[in-house]
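Some notes on the structure that comes next.
The values are calculated or read from the model by the stated rules, or taken from the named source; none is laboratory data. These numbers come from a predicted model, not from an experiment. Cβ atoms come from the backbone with ideal geometry, glycine included; neighbour counts cover every protein chain shown.
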């Protein structure tokens, strides 16, 4: 050490390894270090090492939980028929950035879509992990086409089976673009806000329900109008609640913000969806980031009645022929004669499979949007399986033709049967 400086070198020992060293210096004109000085240096080094180690571990845990949460959120939102979607997610402040907020949009049979926003209470890796489990469960339940209140009931059971004292709030809504209606069930979550085309922002009257994880509570669903041009906003409490304002004050501010934004674009034009999300987040002040925020916006376009054709077919051998005639007439009415041959072929195959085992009337529906979508529903829950028919087989080629001719197709199990659908591009 230059100039004869007196030195004490104390290692910084973390929980598992040495993470550095502390150097104590004393000039030559001062007394030399004594035994008591060494004890003080050792204590300072020990406390400093533990503090640094905790900070590193916390930062690493927060980063992992943040990344875990982001990977559990949808990378992109689906392109659903009759509705446009936008979303945002903001982590909380650095002091408590890890949370359990999530959002989702899940396509359902019949061109419907489920809209979900939830919030697991707490800020930790456990909250993020529970969020992932609940989101996966909600997707599975949505695939079964259960009513919104039943989805929340099963989520409540799942939360109790997790054996954690963490609770969650959730709002689950199903939008039907054909009927222009939305069914909403709530589990202790802030109510959705509906921005009408004329600029009026309405806080929906939805039964609040109890949070998920309480157990033994019935959830209630309400069915509401979802007019074309309206925008539904689902959000977590981090958007409307903070140390500076209570939740209902925040909801009122959100409602006023949406109405003010709509006035800028006029009564006949709804505000752009992405810009609307950004404008909503701009209402947050510097003290309003105590919690993470999930935001899901849905613009209802709907499907006009003139673009829907719907029939019931008796499950008898004459059903495929009648389905071909009805489809041909609908295509002629829409000026889509170029699709007649393909639609008749595929409709005949799918309806034939449906009436073979159905005991109740089979449904046939055609939807004209940016594509032509054909849906055939029956009361048999078993899903068809695509297979390669042998040369000696009399059947088994129907779905093979659908797979080759249609742009997309799938089959979805319902609570009372199934729906097989396919899509063809517009000519």
Name, by its number, the condition in (1) surrounded by fewer than 16 Cβ atoms within 10 Å (Cβ to Cβ); (2) at positive phi that does not hold for residue 305. (2)
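Does the stretch 111-137 hold any residues that are in contact with a strand residue (DSSP E or B) (Cβ under 7 Å, 6 or more places away or on another chain) and either under 21 Å from residue 411 (Cβ atoms) or not in a helix (DSSP H, G or I) (or both), and which are they?
111, 112, 113, 114, 115, 116, 117, 118, 119, 120, 121, 122
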Members of the stretch 200-219 that are under 22 Å from residue 115 (Cα atoms), part of a loop (DSSP other than H, G, I, E, B) and touching a helix residue (DSSP H, G or I) at 6+ places or on another chain (Cβ under 6 Å): 213, 219
Which residue is nearest to residue 420 (Cα to Cα), if the candidates are limited to the stretch 345-381 and must be touching a helix residue (DSSP H, G or I) at 6+ places or on another chain (Cβ under 8 Å) and assigned to a loop (DSSP other than H, G, I, E, B)? 380
Please specify each residue of the stretch 145-186 satisfying the condition of being part of a strand (DSSP E or B), more than 24 Å from residue 128 (Cα to Cα) and under 18 Å from the mean Cα position of the chain (by Cα). 174, 175, 176, 182, 183, 184
Would you point out the residue of the stretch 187-227, among those that are within 19 Å of the chain's Cα centre (by Cα) and closer than 19 Å to residue 146 by Cβ, that is surrounded by the fewest Cβ atoms within 10 Å (Cβ to Cβ)? 221
Restricting to the stretch 138-159, name every residue that is more than 22 Å from residue 192 (Cα to Cα) and modelled with pLDDT of 85 or more. 140, 157, 158, 159
Take residue 413 and tell me if it is modelled with pLDDT under 85 and assigned to a loop (DSSP other than H, G, I, E, B). no
Just to verify a result, which residue in the stretch 229-246, among those that are free of Cβ contacts under 8 Å to residues at least 60 places away in the same chain and surrounded by 13 or more Cβ atoms within 10 Å (Cβ to Cβ), is nearest to the chain's Cα centre (by Cα)? 239
Mind checking whether some residue in the stretch 274-282 is over 25 Å from residue 173 (Cβ atoms) and surrounded by 15 or more Cβ atoms within 10 Å (Cβ to Cβ)? no
Any idea how many residues of the stretch 10-39 are more than 55 Å from the chain's Cα centre (by Cα) and either part of a strand (DSSP E or B) or surrounded by 11 or more Cβ atoms within 10 Å (Cβ to Cβ) (or both)? 6
